[in-house]
Amino acid sequence: MRFLFINPNRRIARSNIWGLVNSITPPLGLATLCAVLDANGYESGIIDAYAENLQTEDIISAISPDIDVIGITSTTPEIESATILARSIHKLFPEKKIIMGGVHPTVFHQSLVADDICDMVIRGEGEKAILHIAKKSPMHDIPNLTWKSADDKVIVNPQKEEYVDLDDLPMPSYNKLPMNRYHSAIGAAKRRPSVGIITSRGCPGKCTFCYSGMFGEKIRYLSARNVYQQIIYLKTNCGIREISFYDDTFTANLRRVEELCQLIISNHIDISWSCFARVDTVNPDILQLMKAAGCHQIMYGFETTDEKILKAVNKRVKLNQYENVISWTRDAQIDIRGAFMLGSPEETQASMEATIAYATKIDIQYAIFNITTPFPGTELFNRAEQTGALRHKRWVEYDLSHVILSLHSVSEQLVQDYYKKAYRKFYFRWSYILARFLSIRTLDDINMYFTAAKGFILNVLKSK
Ligand code: B12
């Protein structure tokens with residue numbers, strides 16, 4: 001049985017800051033599915049239509065007749081292009097089975113199958129179920145599968161909370177991806193070529209804006225040794241000089257971080273990297289060690305300075321934790337990228353002012369402001385749907401730059417205005433520009449500074 005997986009292309013709204021600063025990251029889920037199939041003797045390939053900017057007709061012409069199963073991944077803002085693609089494939093190749101997976105199909109599995117957009121959806125983690133498909137297991141026996149029976153009924157197989165051990169998985173099939181197309185977000189990488197990878201799954205957090213139904217509540221980790229081996233592979237085979245770790249909380253297991261840092265340091269591996277962390281997971285010692293192992297930037301989700309909003313989104317951190325972490329990170333000479341949300345439940349004009357004022361007051365090197373978006377499957381979405389606070393379901397606009405929630409305390413226009421204002425206020429301060437300029441030490445710094453400046457200037461000009 002031969003498989004072809006597709007990462008669809010997508011349209012990015014002009015007003016979306018991410019269109020300019022965003023990374024192009026390998027579709028690691030698809031690359032892992034390929035690796036698992038290959039390890040079990042099946043043939044598979046990937047088309048990364050986003051990275052290669054391929055249109056539907058380009059994708060169609062790359063589908064060879066001997067492919068049996070086509071797998072399409074999709075997040076919420078991609079679902080429109082994924083649907084157009086699936087429909088075109090169905091029309092031209094009615095004999096090929098189309099499976100969808102990823103976060104959006106996991107939530108809307110029933111309607112995607114009922115509406116014949118695809119033949120099947122694999123909900124949540126895909127590795128076990130895809131092997132069942134390859135082995136032609138009886139459809140009723142395949143865990144987490146939604147499919148249509150011969151008499152046109154949608155069947156939802158039971159959800160099995162049996163997850164894979166990440167150390168048992170083969171390395172993602174990087175060799176099947178256009179590795180030269182990938183790069184980190186503007187301002188996130190000091191050196192190129194850079195690439196984003198993910199080394200854990202699952203999250204114990206219960207933030208109302210995040211969908212944690214994909215991989216279970218318990219975090220599973222790739223061991224430090226296997227992460228290290230992936231770094232060596234990427235360095236040796238793809239010339240990668242910098243890694244962006246996209247784990248929800250890279251520092252959730254400090255023992256693993258420590259072991260990885262020691263491996264990098266003791267083997268004199270020349271790699272620079274950045275990661276995401278929660279303010280309640282780091283301490284001064286680990287930050288110093290991370291710096292010694294090549295970490296130059298951490299993104300912390302500060303979200304807001306308003307305790308009421310933090311509580312409303314169930315972030316479970318305290319504001320007084322922020323200051324310590326900022327000063328420890330500064331002492332370790334690691335840059336901070338702060339992530340902030342605007343337009344959450346309980347938001348007011350004063351709280352948005354306070355968030356922006358805070359972002360410009362604290363000593364952080366980059367800031368990213370997102371509009372709070374109720375992604376399907378999240379508590380935020382369910383509550384908004386029940387209370388009529390969901391403005392629409394135009395999924396392509398669920399991209400963190402559009403106002404989807406209708407709030408009683410602030411208008412849509414005000415949130416949109418503050419979104420633009422936040423970027424202007426943060427990046428167009430003389431003190432900020434001077435501080436960034438004075439922080440230049442190496443050629444890599446110059447490269448990073450000018451790429452970031454170009455991106456932000458273009459965006460601000462565009463948003464005026
Ligand atoms: C890395 C990452 C990115 C990267 C790119 C991701 C990529 N190329 O795939 C970047 C930074 C570019 C990015 C951008 C965005 N992201 Co993002 N991202 C992630 C992150 C942190 C990891 C994704 C990942 O690699 N996971 C690991 C792999 C192994 O899992 P996976 O991709 O889900 O695949 C598994 C299963 O889903 C399933 N599967 C997936 N596809 C398929 C297909 C088939 C056929 C089958 C059978 C199975 C299957 O099997 C895989 C293996 O088990 C996730 C959060 C997370 N922890 O997953 C958010 C996440 C996916 N992103 C999210 C969001 C909101 C965005 C943005 C909209 C943000 C923005 N500013 O615009 C954009 C949209 C990007 C897009 N492509 O549409 C949300 C999605 C919510 C939603 N409902 O859509 C997530 C879930 C974060 C969150 N918790 O809110 N993201």
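Each value in this text was obtained by applying a stated rule to the coordinates, not by laboratory testing. None of these values were measured; they are calculated from a predicted model. Positions of Cβ are generated from backbone atoms using ideal geometry, with glycine treated the same way; all protein chains shown enter the neighbour counts.
Angle, helix 28-39 long axis vs. longest principal axis of the chain, Cα atoms, 0 to 90°, nearest 10?
With both axes taken from Cα atoms, the answer is about 40 degrees.
Roughly what % of Cα-Cα distances in the stretch 2-156 sit above 23 Å, to the whole percent?
33
For every other residue with a beta carbon closer than 11 angstrom to the beta carbon of residue 124, add +1 if it is Lys or Arg and -1 if Asp or Glu, then tell me the sum.
Net charge around residue 124: 0.
Divide the volume of the convex hull of the Cα atoms of the stretch 364-440 by its number of residues and quote the answer in cubic angstrom per residue.
With only Cα atoms used, the stretch 364-440 gives 118 Å³ per residue.
Please order 258, 95, 242 by the number of other Cβ within 10 Å, starting at the fewest. Show your work: numbers first, answer last.
Values: 258 16, 95 6, 242 23.
With the sparsest Cβ surroundings first, the list reads 95, 258, 242.
Rule-of-thumb check for the stretch 187-463: C-alpha Rg over 2.2 N^0.38 Å? The partial results should precede the final answer.
Values: Rg = 19.1 Å, N = 277, 2.2 N^0.38 = 18.6 Å.
Normalised by 2.2 N^0.38 Å, the Cα Rg of the stretch 187-463 equals 1.02.
List the relative contact order of the stretch 2-156 as a percent without decimals, with contacts defined as Cα pairs under 8 Å and 6+ residues apart. Don't skip to the end; give the middle numbers.
Details: 244 pairs, mean separation 34.3, N = 155.
After rounding, I find 22 percent.
So, R0 is 41 Å and r is the distance between the beta-carbons of residue 88 and residue 137; what FRET efficiency does that work out to, to 0.05?
With a Förster radius of 41 Å, E is 0.90.
Do the alpha carbons of any pairs in 153/315; 308/361; 97/206; 190/420; 97/235; 393/421 sit beyond 31 Å of each other, and which pairs?
Too far apart for the 31 Å limit: 153/315; 97/206; 97/235.
For helix 319-331, what angle does its Cα long axis make with the longest principal axis of the chain, in degrees from 0 to 90 and rounded to 10?
Once rounded, one gets 80 degrees.
Around residue 34, what is the net charge, scoring Lys/Arg as +1 and Asp/Glu as -1 over all other residues with Cβ under 14 Å from its Cβ?
Numbers: positive: 2, 176; negative: 38, 43, 48, 127.
After counting each charged neighbour, the total is -2.
Could you give log10 I(q)/I(0) at q = 0.12, 0.14, 0.23 Å⁻¹ for the stretch 333-401, computed by the Debye formula over C-alpha point scatterers of equal weight, without solvent?
-0.41, -0.54, -1.02
Take every Cα-Cα pair in the chain and report what % of them are more than 29 Å apart.
Of the Cα pairs, 50 percent sit more than 29 Å apart.
Can you list the chymotrypsin sites (Phe, Trp or Tyr not before Pro) in the stretch 373-447 that are in a DSSP coil and have 15 or fewer other beta carbons within 10 angstrom?
Of the chymotrypsin sites (Phe, Trp or Tyr not before Pro), the ones in loops of the stretch 373-447 whose Cβ has at most 15 other Cβ atoms within 10 Å are 428.
Between the stretch 139-186 and the stretch 229-296, what's the alpha-carbon centroid distance in Å?
Here the two parts' Cα centres lie 27 Å apart.
Using the basic label-point model (7 angstrom from Cα toward the beta carbon), what is the residue 411 to residue 226 distance in nanometres?
With each label placed 7 Å out from Cα toward Cβ, I get 5.3 nm.
Which net charge results for the neighbourhood of residue 324, defined as the other residues with beta-carbon distances under 14 angstrom from its beta-carbon, given Lys and Arg at +1 and Asp and Glu at -1?
With Lys, Arg at +1 and Asp, Glu at -1, the neighbours total -2.
For the stretch 316-458, what D do you get in µm² per second when you plug the Kirkwood radius from alpha-carbon pairs into Stokes-Einstein at 37 °C and 0.692 mPa s?
Estimated via Stokes-Einstein, D reaches 194 µm²/s.
Can you sort 142, 99, 326 so the residue with the fewest Cβ neighbours within 10 Å comes first?
326, 142, 99
If R0 is 41 Å, what FRET efficiency do you get for residue 58 and residue 433 from their C-beta distance, rounded to 0.05? Don't skip to the end; give the middle numbers.
On the way: r = 41 Å, r/R0 = 1.01.
Efficiency, rounded to the nearest 0.05: 0.50.
Hey, could you grab the Kirkwood Rh for the stretch 216-321? Inverse mean 1/r over distinct alpha carbon pairs, Å, one decimal.
15.0
Starting from the Kirkwood radius over alpha-carbon pairs of the stretch 57-103, derive D by Stokes-Einstein at 10 °C in a medium of 1.306 mPa s and give it in µm² s⁻¹.
144
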